[in-house]
1. To make sure I understand the rule: partners must be aspartates and glutamates, Cα under 15 Å from the Cα of Lys131, and not fewer than 8 residues away in the same chain. Which ones qualify?
2. Helix 2-20 versus the longest principal axis of the chain: what is the Cα-based angle in degrees, 0 to 90, to the nearest 10?
3. Only helical DSSP H runs with n ≥ 4 go in: add -39500 (n - 2.57) per run for the chain, normalise by residue count and round the 222 nm mean residue ellipticity to 500 deg cm²/dmol.
4. Using label points projected 7 Å from each Cα along Cα→Cβ, tell me how many nm separate Ser37 and Glu208, to one decimal.
5. Pull out the extension gain between Gln173 and Thr105, defined as 0.36 nm times the separation in residues minus the alpha carbon to alpha carbon distance; nm, one decimal.
6. Between Lys27 and Lys62, what's the calculated FRET efficiency when r is the beta-carbon distance and R0 is 25 Å? Round to 0.05.
7. Relative contact order (percent) for the chain, with alpha-carbon contacts under 8 angstrom and 6 or more residues of separation?
8. Local charge sum around Glu47 (other residues, Cβ-Cβ under 10 Å, Lys/Arg +1, Asp/Glu -1)?
Amino acid sequence: MKKTLFAIAMFMMAMGCYAQKDAAAKKVLDATAAKLSSMKNIRSQFELSQFNGTNQSNETMKGTFFMSGKKYKVEAPGATTTWFDGKTQWVYIPDNDEVNVSTPTKEEQATMNPYAFIGLYKSGYNYTMTKSTASGTPVYEIKLTAEKPGADIQEARLDITMDYIPVSVRVRQGKKTWTRIRISNIQGKQKFSNSTFTFPADKYPTAEIIDLR
């Protein structure tokens with residue numbers, strides 16, 4: 001009897017481990033990563049909202065996102081502008097006329113870059129997948145959960161179209177704080193200069209530089 005119970009317990013554990021690394025979800029994520037890579041330089045529109053549980057904040061930020069490899073720029077009129085050159089990140093806050101300079105972690109980059117989650121599954125996260133709809137469009141809904149309880153991002157949910165284009169990213173930090181990024185009007189193979197992704201100090205001569213590195 002004990003041997004039977006032990007065998008059942010081991011089987012259930014094995015099934016649980018298998019479910020945490022959904023092969024179908026990995027196939028979709030791999031295809032999405034390949035699709036985005038083929039688009040090379042990307043420009044898209046975004047809408048960022050924050051939630052406490054299911055309660056949405058009154059503030060919603062809209063803007064334009066630019067990406068080239070690991071580099072990105074987030075431009076939100078009337079709010080912040082962020083530049084990341086692959087190593088250093090600059091965040092300009094117009095209300096304070098200041099620029100925060102930092103070297104962000106991969107998790108911190110992911111909260112700014114809606115495409116960073118496509119590679120997040122490769123290390124430190126489990127993933128499962130269901131089929132759903134987003135704004136009436138059929139999507140793969142992939143759930144990423146951190147393997148370690150101390151991870152900055154505990155959970156993320158990706159909505160990916162059937163032709164492997166991400167249209168929504170939801171991120172949970174802590175127990176109830178969620179950030180949602182909706183993505184639209186994605187255009188690939190754009191032309192950007194390297195200066196697109198670095199802070200143009202000459203355009204902000206009065207800004208206070210705060211180095212957080």
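1. Answer for Lys131, where 15 Å is the Cα cut-off: Asp22, Glu141, Asp159, Asp163, listed by chain and number.
2. Between helix and principal axis, roughly 30 degrees.
3. Value at 222 nm, helices only: -7000 deg cm²/dmol.
4. 4.4 nm
5. Result: 23.0 nm gained on full extension.
6. Efficiency computed from Cβ-Cβ geometry: 0.15.
7. Reported relative contact order: 24 percent.
8. Taking every other residue near Glu47 into account, the sum is +3.
The values are calculated or read from the model by the stated rules, or taken from the named source; none is laboratory data. In this text the structure is predicted, and so the values were computed from the model without any measurement. As a convention, Cβ positions derive from the backbone with ideal geometry for all residues, glycine included, and neighbour counts pool all protein chains shown. SASA here: full protein model, heavy atoms, side chains in, ligands and nucleic acids out. Shrake-Rupley method; radii C 1.70, N 1.55, O 1.52, S 1.80 Å.
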